[in-house]
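Q: Before we start, here is the structure in question, set down as structure tokens.
The values are calculated or read from the model by the stated rules, or taken from the named source; none is laboratory data. In this text the structure is predicted, and so the values were computed from the model without any measurement. Counting neighbours? That spans all protein chains shown, and the Cβs are built from the backbone with ideal geometry, glycine included.
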Amino acid sequence: MPDKIRITLAVNGTKREAAVEPRLLLVHFLREDLGLTGTHVGCDTSNCSACAVLVDGKVVKSCSVLAVQADGREILTVEGLAKGGQLHPVQKAFLAKHGLQCGFCTPGMIMSAYALLKKNRHPTRDEIKRGISGNVCRCTGYQKIIESVEQAARNKDW
Amino acid sequence: MAIIAPLIPPHFEYASPRSLSEAITLLSRGGEGAKVLAGGQSLMPLLKLRLASPSLLVDINRIPGLDGIKEDEGFLRIGALTRMAEVETSDLIRKGYPIIHDAAEVIGDPLVRNLGTIGGNVSHGDPNNDMPAVMLALGAQFVATGPSGERSIKAEQFFTDSFTVALDHDEILTEIWVPKRSSRSGGCYLKLEQKVADFATAAVAVQVRLGEAWKCEEVGLGLTAVGPTAIKARKAEQLMRGKKTTDKNAIQGFGRLAADESSPATDIRGTASYKKQVVRLLVIRAFRKACERARGG
């Protein structure tokens, strides 16, 4: 069996060190080693993006990145959005607009929406659709999700 | 009884070299079992499904100098490690090489494009990938770096079979060279897909250079997802060369010959005969758009 590799990374602003198997996926590292189960595994085949997290500011599928590749990087998961017991404006918007039914896709949807809005604070409806086009929801049909992102974009508190 | 288990990649050794020469040494020493890890957006799914089981992954993501987009006297030069998101948002590419922009924005989904690289898209050799047809239409060259230095491989000689390209196991694709844009040239990539991040039902890449009286001086045509590799439709190109962009018979023939040169398979995305019709129509539409762009429209 290959030797474990030491990695040091920042997850939601906290420094983490670990020794990981080369084959360990970032999503499994986050969920199983760090207990950050907000990041979901929806499909296992890189299709659904329920596992979306930000790596150095870019939204990626954490099921399609190795934990060793995250060495030295900054990771933001859905758990890192709320501050001081206050939900992030993107989270508040999903709550207010009912941008979810079962909630399984929500962490990934929120991370994609957050990444989109970080780049573009005033997206058009088409830009929102394109921004979340990699995230699959099997319940709501996306209308409420798009409205949630529009609401988050209107919020001037962030 | 079906056993549902999380999809976990097989064991492999991992190396993250900081220089190209170190990476090539690792690939040489690792033999056929050593594979390059670039954006990983095709490789990771293959590992999880255990369709690939390399003994060593050589991660080239921390090697400086492998990404970037620039133009010199003769070529647009795209570093192989350039992420698709960077290709998609490059003004130089959108304005000067719209055919590449067209393809970049329909590859995978936004998350895939944040990591997926242009070099990986071509060197994976998947006939469903979008950039191979574009590179065939553009007459691009690929720079490969191996133990004995650099060599250049023409796109039309690069895609040798499904998932097989003309790279040795210890060579790394380092740069893509596209002939520099000239006046009166334009291109277009059109893709029919059932949903975002799916492979194309069919897609086509058309590049033209117009001459006197808007005749086609040069025509490049590449086809995606309708054969064992991306296809350079030589007969169709030949037919259109020297014809006027308004020659309706020629344009119809261009589409028909392209359909003839495709060899799609019947699958969940459609029957072979349906896909041939898709090729024919997309080729005609892409040709018209390419000509419009070449005229400065």
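Q: Which pairs have Cβ atoms under 7 Å, sit 6 or more apart or on different chains, and link a residue in the range A:124-140 that is within 20 Å of A:Thr45 (Cβ to Cβ) to one that is among the hydroxyl-bearing types (Ser, Thr, Tyr)?
A: A:Ile132/A:Ser112; A:Gly134/A:Ser49; A:Gly134/A:Ser112; A:Asn135/A:Ser49; A:Asn135/A:Ser112; A:Val136/A:Ser49
Q: If we scan the range B:61-68, do we find a residue that is over 29 Å from B:Glu32 (Cα atoms) and surrounded by 21 or more Cβ atoms within 10 Å (Cβ to Cβ)?
A: The answer is no; no qualifying residue exists.
Q: Can you give me the ranges of the strands (runs of 3 or more DSSP E) entirely in the range B:97-216 with at least 1 residues that are in contact (Cβ under 8 Å) with a residue 12 or more places away in the chain and surrounded by fewer than 19 Cβ atoms within 10 Å (Cβ to Cβ)?
A: B:141-146, B:149-154, B:159-161, B:172-179, B:185-193
Q: Taking the condition outside the structural domain of A:Arg138 (by TED's automatic domain parsing) and surrounded by fewer than 19 Cβ atoms within 10 Å (Cβ to Cβ), does A:Thr14 pass?
A: Spelling it out, A:Thr14 is indeed outside the structural domain of A:Arg138 (by TED's automatic domain parsing) and surrounded by fewer than 19 Cβ atoms within 10 Å (Cβ to Cβ).
Q: Turning to a different aspect of this structure: Would you please name the residue that is farthest from B:Pro132 (Cα to Cα), looking only at residues in the range B:236-266 that are exposed (fewer than 15 other Cβ atoms within 10 Å of the Cβ) and within 21 Å of the chain's Cα centre (by Cα)?
A: Taking the candidates together, the pick is B:Ala265.
Q: Being closer than 23 Å to A:Leu25 by Cα, modelled with pLDDT under 95 and either more than 14 Å from chain A (Cβ to nearest Cβ) or in a loop (DSSP other than H, G, I, E, B) (or both): is that true of B:Ala52 here?
A: The answer is yes for B:Ala52.
Q: With respect to B:Glu32, is the statement that it is surrounded by fewer than 21 Cβ atoms within 10 Å (Cβ to Cβ), more than 13 Å from chain A (Cβ to nearest Cβ) and either touching a residue at least 24 places away in the same chain (Cβ under 8 Å) or in a helix (DSSP H, G or I) (or both) true?
A: Criteria met by B:Glu32.
Q: Working carefully through the options B:Gly108, B:Gly79, find the one that is within 15 Å of the chain's Cα centre (by Cα) and within 11 Å of another protein chain (Cβ to nearest Cβ).
A: None of the others qualify; the one that does is B:Gly108.
Q: Give me the strands (runs of 3 or more DSSP E) completely within the range A:40-98, filtered to those with at least 3 residues that are within 14 Å of chain B (Cβ to nearest Cβ) and either within 15 Å of the chain's Cα centre (by Cα) or in contact (Cβ under 8 Å) with a residue 24 or more places away in the chain (or both), ordered by residue number.
A: A:52-55, A:58-61
Q: Oh, and also: Since B:Ala85 meets every condition but one in (1) closer than 22 Å to A:Ser64 by Cα; (2) over 19 Å from the mean Cα position of the chain (by Cα); (3) assigned by TED's automatic domain parsing to the domain that holds B:Asn129, which condition does it not meet?
A: Of (1) closer than 22 Å to A:Ser64 by Cα; (2) over 19 Å from the mean Cα position of the chain (by Cα); (3) assigned by TED's automatic domain parsing to the domain that holds B:Asn129, only one is false for B:Ala85: (2).
Q: Could you look through the range B:268-297, keep only residues that are farther than 17 Å from B:Leu210 by Cα and of a type in the set (Gly, Ala, Ser), and pick out the one that is surrounded by the fewest Cβ atoms within 10 Å (Cβ to Cβ)?
A: Top of the filtered list is B:Ser273.
Q: Continuing with the same structure: Check off (1) in contact with a Pro (Cβ under 8 Å, 6 or more places away or on another chain); (2) closer than 17 Å to B:Ile176 by Cα for B:Ile93 and give me the number that stays unchecked.
A: With (1) in contact with a Pro (Cβ under 8 Å, 6 or more places away or on another chain); (2) closer than 17 Å to B:Ile176 by Cα applied to B:Ile93, the lone miss is (1).
Q: Another question about this same structure. Hey, any hits in the range B:73-88 for a residue that's surrounded by fewer than 19 Cβ atoms within 10 Å (Cβ to Cβ), in contact with a Ser or Thr (Cβ under 7 Å, 6 or more places away or on another chain) and at pLDDT 95 or above?
A: Checking the range B:73-88: not a single residue is surrounded by fewer than 19 Cβ atoms within 10 Å (Cβ to Cβ), in contact with a Ser or Thr (Cβ under 7 Å, 6 or more places away or on another chain) and at pLDDT 95 or above.
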